[in-house]
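Working notes, beginning with the structure itself.
The values are calculated or read from the model by the stated rules, or taken from the named source; none is laboratory data. Here the structure is a predicted model, which means the values were calculated and not measured. Cβ placement follows ideal geometry from the backbone for every residue including glycine, while neighbour counts extend to all protein chains displayed. SASA here: full protein model, heavy atoms, side chains in, ligands and nucleic acids out. Shrake-Rupley method; radii C 1.70, N 1.55, O 1.52, S 1.80 Å.
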Amino acid sequence: MTGLPFYVDPEDPPSKQALLEAALKLFARDGVRESSIRAVAAEAGFTNPVLFKYFEGKDALALYLFERCYLRLVSETRVALAGGGTFRARLGRVITRVLALLDESPEALLFVNEELRRYWPRMSPLARRESLVGITMKFFEDPEVSKRIDRTLLVAAFWGLLGQFARMHAFGEWKGPAVATAPQIETLVFKMLAC
């Protein structure tokens, strides 16, 4: 184990590693548009040219980070669903894994939530084949899920709940480990799904 965040490659030079960590911190806290190249470089302990050594510009850096963070969220969701068991068990695993990722890297989840509309269409075609909405839509086809509520609305409500909780947690409005709320969030989701 390297001690590095999941979005940093241990094979990268230390300057790139520092740049990625600094950029995600600022992008999640202040937004990509509000974070200047100078601010990102300074947060990493370098001057502006270091960013251009690895990326064409701030937007390319943001897209790189977005794709890594988004694909990690997809991976956690897929692993949770692949474990087999009842609908409730798989749903509980998804919630737990997403909340554990929130505890591990609140900036990553906040960044994905806040920048999804901007960066999703610009990800590589291969990465865009991994749609959280598509994965969740298919999962919610389960017979235990109420047919009285449109699945698209259920998917929006599910990810909306997790996204808003991620914001509250990242900004300190929810104290304690996010994963500890998994049973309560699971109860809310089951009420929403009318299972």
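Taking the stretch 101-145 and the helices (runs of 4 or more DSSP H) fully enclosed by it, the elements with 3 or more residues that are closer than 21 Å to PHE190 by Cβ and touching a residue at least 24 places away in the same chain (Cβ under 8 Å) are at 132-139. Across the stretch 146-167, the number of residues qualifying as aliphatic (A, V, I, L, M) and either assigned to a loop (DSSP other than H, G, I, E, B) or open to solvent by 60 Å² or more (accessible area, probe 1.4 Å) (or both) comes to 3. The condition (being loosely packed, with under 14 Cβ neighbours inside 10 Å and either under 16 Å from the mean Cα position of the chain (by Cα) or modelled with pLDDT under 95 (or both)) is satisfied by just one residue among ARG97, ARG129: ARG129. Close contacts from the stretch 27-51, counting a first residue that is within 12 Å of LEU61 (Cβ to Cβ) and a second that is modelled with pLDDT of 95 or more and β-branched (Val, Ile, Thr), with Cβ to Cβ under 7 Å and a gap of 6+ residues or different chains, come to LEU51/VAL40. State all residues of the stretch 53-87 that are part of a helix (DSSP H, G or I), more than 22 Å from GLU115 (Cα to Cα) and open to solvent by 60 Å² or more (accessible area, probe 1.4 Å); if no residue qualifies, say none. LYS53, VAL79, ALA82 - these are the residues of the stretch 53-87 that are part of a helix (DSSP H, G or I), more than 22 Å from GLU115 (Cα to Cα) and open to solvent by 60 Å² or more (accessible area, probe 1.4 Å).
Taking the stretch 1-52, which residues are assigned to a loop (DSSP other than H, G, I, E, B), over 21 Å from LEU109 (Cβ atoms) and among the basic types (Lys, Arg)? Hits for the stretch 1-52: nothing passes.
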